[in-house]
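S.K.: The structure is given below, and queries will be raised subsequently.
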Amino acid sequence: MLDFLQALIWGILLGGMYALIAIGMTLIMGVMKIINLAHGALVMVGMYITYVLNVQFGLDPYIGLFIAMPTLFLLGALIQLLLINRIIDVDAILPENQVLLTVGIMVVLTETMRLLFHSDYRSVQTSYASENIHIGGISLSVPMTIGFFVALVFVLLLHLFLKKTHYGRMIRATAEDRIAAQYMGIPPKTVTVVTFGLGSALAAAGGALLLPIFYLWPDIGHLFTAKAFIITILGGLGSIVGAFFGGLLIGVFESLGATYVSMGYKDVYGLVVFLLVLLFLPGGLKSLRFPALRRER
Amino acid sequence: MLHIEQLNAGYGDVQILWDVTLDVRPGELIALVGANGAGKTTLLNAISALVTRYRGKILFDGKDLTRLAPYEVARLGIAHVPEGRRLFPGMTVRENLEVGAMSKEARSKLKTSLEEVYSLFPILKERERQEAGTLSGGQQQMLAIARALMSRPKLLMIDEASLGLAPKVVGEIYDTLLDIRKAGLTMLIVEQNVALALDVCQRAYVLENGRVAVSGECKKLQNDPKVQEAYLGIIEGI
């Protein structure tokens, strides 16, 4: 029983950080209607920035995060402004081509990092990396606990931003109906630039929080793209609340699978959940709320 | 206020509008009528910059609209209630209205505007916290009009306000539109129900196959035998 509880809590902690990355992807998905396959690469870039700040300047990853986030916001906004927006303009090109473009961006980012840092595994050395807090027989890893709560704060801040601020409502309106948003006087391109920037900043935050726990190498991006993609589908495309609980679910499944089946298949369990969701709940977690409500378009 | 001259427009290579000329003067209620596929919606979309304009002029308060993007047209003070209403279904009634007030000026008068539209459509105040997608058809149409009013427009364009609604609800909506007009707002409405449109408007343009077939004062058009036969179902001698 204690084993189970331990695995469950570790899963939730890890899942909270996955959720942060996936929410960045789902935010972009909601507004752009495309899956950003460079998302994991953006996480990876965020991790390298945090890593360099730590190794070169001795900055703690949790402080480096506040430099990685604005940097990635800028990188994401520039990618949208200079690359993706150009493709949207061309009528004859299918939306799939925007997805292909994100694949290209992913390759460029990954190989640039390989050029700079080689394919070596790297990790940051922190005093708390292997420390644990013990509560009634359960031990909580310090970096995972900090990571989870910081992620939670970011998710809440994003939620408030989207619900309460003028700009947040502009983003939601564009996600719900891009044309209707233009009737209201909302400039769609500006909104997509800001949204891509925000999504990238969240990816960087997720990466920085995971840095004390994970090894870092240029190809780690693929892992995060796959996880974020699964969580995005699991949550119901474009749903932020759905993506948050989807992230927790994937984290818990990985953790339980690693405890009770085999550690080696850790990344397979998420894919199993993915298949099950596609088969039995194709609308994602989002569809559990108002299952019968059909939205008019 | 709005002056359209020799406008040719369409979707990509498919031309819909041919040499359309139209004028809207301040304070007027103008109706665009015609059969399905006559080009009424396309004309509104051409003003809102959502279709390709090939040739011709669209001037609003002297400014040329043909080179502007849709959001820029909206910011000049043209509010468009689109066909099918296009609300933001997952956002609440209140949030839909708040998004309607996008410009700085409209936002500074948000409270006044909210009070105004709630007094025009009291049901929206009752449903304030409900998601727009869960409203009835009539309430959705009211919300779409209210959302457009939130921008405090100079010109209100409404596409098919009566479509798919019960006659009683249509009556309520048109009563409110007439109240808004009395307050001085200029309106350009597209209406499939020709009898209804000619009843409320001052001048009307009848579109046929993308061209203006007839235009003039609504009272005169109501008595025009050609219009009666084609659109009002009145045939002489019966």
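The values are calculated or read from the model by the stated rules, or taken from the named source; none is laboratory data. Since we're looking at a predicted model, the values are computed, not measured. Reconstructed Cβ throughout: ideal geometry from the backbone, glycine too, with neighbour counts over all protein chains shown. Just the protein is used for accessible areas: all its heavy atoms, side chains included, with ligands, DNA and RNA removed. Shrake-Rupley method; radii C 1.70, N 1.55, O 1.52, S 1.80 Å.
S.K.: Being away from chain B (no Cβ under 14 Å), open to solvent by less than 70 Å² (accessible area, probe 1.4 Å) and either in a helix (DSSP H, G or I) or under 24 Å from A:ILE240 (Cα atoms) (or both): is that true of A:ALA203 here? Lay out the reasoning, then the answer.
M.R.: Numbers: away from chain B (no Cβ under 14 Å): yes; open to solvent by less than 70 Å² (accessible area, probe 1.4 Å): yes; either in a helix (DSSP H, G or I) or under 24 Å from A:ILE240 (Cα atoms) (or both): yes.
Yes: the conditions hold for A:ALA203.
S.K.: Kindly establish whether B:SER113 is buried (at least 19 other Cβ atoms within 10 Å of the Cβ), within 14 Å of chain A (Cβ to nearest Cβ), touching a residue at least 60 places away in the same chain (Cβ under 8 Å) and of a type in the set (Gly, Ala, Ser).
M.R.: On the way: buried (at least 19 other Cβ atoms within 10 Å of the Cβ): yes; within 14 Å of chain A (Cβ to nearest Cβ): yes; touching a residue at least 60 places away in the same chain (Cβ under 8 Å): no; of a type in the set (Gly, Ala, Ser): yes.
No, not satisfied.
S.K.: Tell me the strands (runs of 3 or more DSSP E) entirely within segment B:1-59 that contain at least 2 residues that are in contact (Cβ under 8 Å) with a residue 60 or more places away in the chain, crowded, with 18+ Cβ neighbours inside 10 Å and of a type in the set (A, V, I, L, M).
M.R.: On the way: elements: B:2-11, B:14-24, B:29-34.
Where strands (runs of 3 or more DSSP E) fall fully within segment B:1-59 and carry at least 2 residues being in contact (Cβ under 8 Å) with a residue 60 or more places away in the chain, crowded, with 18+ Cβ neighbours inside 10 Å and of a type in the set (A, V, I, L, M), they are B:14-24, B:29-34.
S.K.: Provide a single number: the residues in segment A:197-229 that are under 19 Å from A:GLY251 (Cβ atoms) and in contact with a strand residue (DSSP E or B) (Cβ under 8 Å, 6 or more places away or on another chain).
M.R.: 2
S.K.: Here's something else I'd like to know. Being within 16 Å of A:GLY206 (Cα to Cα) and without any contact (Cβ under 8 Å) to a residue 60 or more places away in the chain is true for just one of A:PHE66, A:PHE57. Which residue is that? Don't jump to the end; show me each part of the working.
M.R.: Numbers: A:PHE57 fails: within 16 Å of A:GLY206 (Cα to Cα).
Criteria check complete, one pass: A:PHE66.
S.K.: Is there any pair with a first residue in segment A:195-207 that is of a type in the set (D, E, K, R) and a second that is open to solvent by 10 Å² or more (accessible area, probe 1.4 Å) whose Cβ atoms are under 6 Å apart and which are 6 or more apart or on different chains, and what are they?
M.R.: none
S.K.: Against the condition within 14 Å of chain A (Cβ to nearest Cβ), touching a helix residue (DSSP H, G or I) at 6+ places or on another chain (Cβ under 6 Å) and touching a residue at least 24 places away in the same chain (Cβ under 8 Å), how does B:ARG85 come out, does it pass?
M.R.: On the way: within 14 Å of chain A (Cβ to nearest Cβ): yes; touching a helix residue (DSSP H, G or I) at 6+ places or on another chain (Cβ under 6 Å): yes; touching a residue at least 24 places away in the same chain (Cβ under 8 Å): yes.
Yes.
S.K.: Still on this model: Would you pick out the residues in segment A:228-251 that are open to solvent by 20 Å² or more (accessible area, probe 1.4 Å) and part of a helix (DSSP H, G or I)?
M.R.: Once the filter is applied, which keeps residues that are open to solvent by 20 Å² or more (accessible area, probe 1.4 Å) and part of a helix (DSSP H, G or I), segment A:228-251 yields A:PHE229, A:ILE233, A:ILE240, A:VAL241, A:PHE244, A:PHE245, A:LEU248, A:LEU249.
S.K.: Could you please tell me which pairs satisfy a Cβ distance under 6 Å, a separation of 6+ or placement on different chains, a first residue in segment B:99-110 that is facing chain A (nearest Cβ under 9 Å) and of a type in the set (S, T, N, Q), and a second residue that is in a loop (DSSP other than H, G, I, E, B) and open to solvent by 10 Å² or more (accessible area, probe 1.4 Å)?
M.R.: Short answer, once both residue conditions are applied: none.
S.K.: Another question, if that's okay. Is it the case, given these coordinates, that B:ALA79 is in contact with a Pro (Cβ under 6 Å, 6 or more places away or on another chain), surrounded by 20 or more Cβ atoms within 10 Å (Cβ to Cβ) and either in contact (Cβ under 8 Å) with a residue 60 or more places away in the chain or more than 7 Å from every other protein chain (Cβ to nearest Cβ) (or both)?
M.R.: yes
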